[in-house]
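The values are calculated or read from the model by the stated rules, or taken from the named source; none is laboratory data. Small disclaimer: the values here were computed from a predicted structure and weren't measured. Heads up, the Cβs are rebuilt from the backbone with ideal geometry, glycines too, and the neighbour counts pull from every protein chain shown.
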Amino acid sequence: MTQAISSAVSSAASSVNSSGNAPASPYGTLGPTSTPSARKPIGLPRLREMHAAGEKITMLTAYDATFAAVADAAGVECILVGDSLGMVCQGLTSTVGVTLEAMRHHTECVASGLRRSQATAWLIGDLPFGSYHESKEQALRSAVVLMQAGAHMVKLEGGGWTTDVVHFLVERGIPVCAHLGLTPQTVHALGGYRVQGKTDEAAARLKREASALQDAGAAMLVLEMVPEALATTLTQTLKNCPTIGIGAGSGCAGQVLVLHDMLGMNLGKMPKFVYNFMADAGSVRGAMETYVAAVKNGSFPVNSLHAW
Ligand code: KIV
């Protein structure tokens with residue numbers, strides 16, 4: 001595994017070095033992986049095209065302008081302003097305490113960073129705990145806050161009751177990313193950060209919920225800590241909704257990691273599904289480029305190491 005990811009490291013590094021005399025910028029001395037003119041803004045049509053062609057979709061979290069700009073320049077297609085910011089930026093022990101105002105603020109910071117960079121990435125804002133649970137109307141009001149802060153899409157956790165919420169938002173022109181499996185906002189109800197969908201019954205429920213979310217119009221589905229065989233089946237079944245895995249194996253249509261985790265920084269225990277891309281890369285930009293290369297060429301994640 002290390003060898004496979006390491007070769008992604010060196011191929012990313014050589015493509016970077018060959019870019020030669022790229023001008024210095026506040027985000028590092030390297031230019032974008034490809035020329036700005038070759039980089040078109042990522043929208044839903046492009047994401048659908050990639051999904052149909054079997055090209056892996058890359059996603060990382062970011063919470064501020066500088067990291068977002070670096071990720072954009074490194075070729076990360078989707079940037080998620082995750083409510084994981086509660087843990088990595090605010091030092092909370094779960095995402096439950098994250099407010100809509102905090103999400104609005106960080107979404108605005110990331111959107112500003114993208115405007116200062118290539119502005120290619122698709123920006124997803126996470127609806128925090130309590131901001132969509134009361135009613136569809138409350139969900140719409142919260143989604144509007146994030147869209148007006150610069151998000152192109154909102155993400156919400158859970159299945160079943162969320163299906164109507166997703167439909168309501170999508171009907172009103174708000175792209176939605178769903179999130180199933182381990183849903184950190186409900187960590188207390190789940191009894192901890194555990195793999196989900198392990199029993200036949202839980203797997204069947206997950207399949208039903210995923211398919212209902214796709215029918216409701218969800219344009220993407222994050223699958224967190226789900227057995228890789230189940231995630232692969234879901235990925236093959238959901239023709240119109242690319243799955244983005246985190247601890248869900250290599251069979252997903254794309255991958256996401258929390259930025260700080262993949263840079264080797266974590267206040268707690270590093271989850272099994274994380275690989276430290278910073279260790280060999282030597283720079284944040286290099287780590288992100290390696291991540292993109294490794295996801296695209298299938299060398300990350302490795303099922304025997306990063307999945308269940
Ligand atoms: O908040 C977050 O960062 C997330 C990712 C783990 C998918 O939801």
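Computed quantities for the displayed model
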item: Close pairs from the stretch 214-236: first farther than 15 Å from GLY251 by Cα and within 16 Å of the ligand (Cβ to nearest atom), partner in a helix (DSSP H, G or I) and β-branched (Val, Ile, Thr), Cβ under 6 Å, at least 6 apart; result: ALA218/VAL166
item: Every residue from the stretch 188-213 that is within 24 Å of THR99 (Cβ to Cβ), more than 19 Å from the chain's Cα centre (by Cα) and either of a type in the set (S, T, N, Q) or within 15 Å of the ligand (Cβ to nearest atom) (or both); result: LEU190
item: Residue among GLN118, GLN138 that is touching a Ser or Thr at 6+ places or on another chain (Cβ under 9 Å) and among the polar types (S, T, N, Q); result: GLN138
item: Failed criterion for THR199 (all others in (1) farther than 28 Å from ARG46 by Cβ; (2) in contact with a helix residue (DSSP H, G or I) (Cβ under 8 Å, 6 or more places away or on another chain) hold); result: (2)
item: Selection count, the stretch 97-120, where residues are more than 16 Å from the ligand (Cβ to nearest atom) and under 26 Å from ALA189 (Cβ atoms); result: 1
item: Residues of the stretch 67-96 satisfying the condition of being in contact (Cβ under 8 Å) with a residue 60 or more places away in the chain, part of a helix (DSSP H, G or I) and near the ligand (Cβ under 10 Å from one of its atoms); result: MET87, VAL88
item: Flag for ALA293 being within 26 Å of GLY125 (Cβ to Cβ), more than 16 Å from the ligand (Cβ to nearest atom) and in contact (Cβ under 8 Å) with a residue 24 or more places away in the chain; result: no
item: Residue among THR232, THR183, THR199 that is in contact with a strand residue (DSSP E or B) (Cβ under 8 Å, 6 or more places away or on another chain), of a type outside the set (A, V, I, L, M) and modelled with pLDDT of 95 or more; result: THR183
item: Filtered residues of the stretch 139-159 (kept if on the phi > 0 side of the Ramachandran plot and within 16 Å of the ligand (Cβ to nearest atom)); result: GLY158
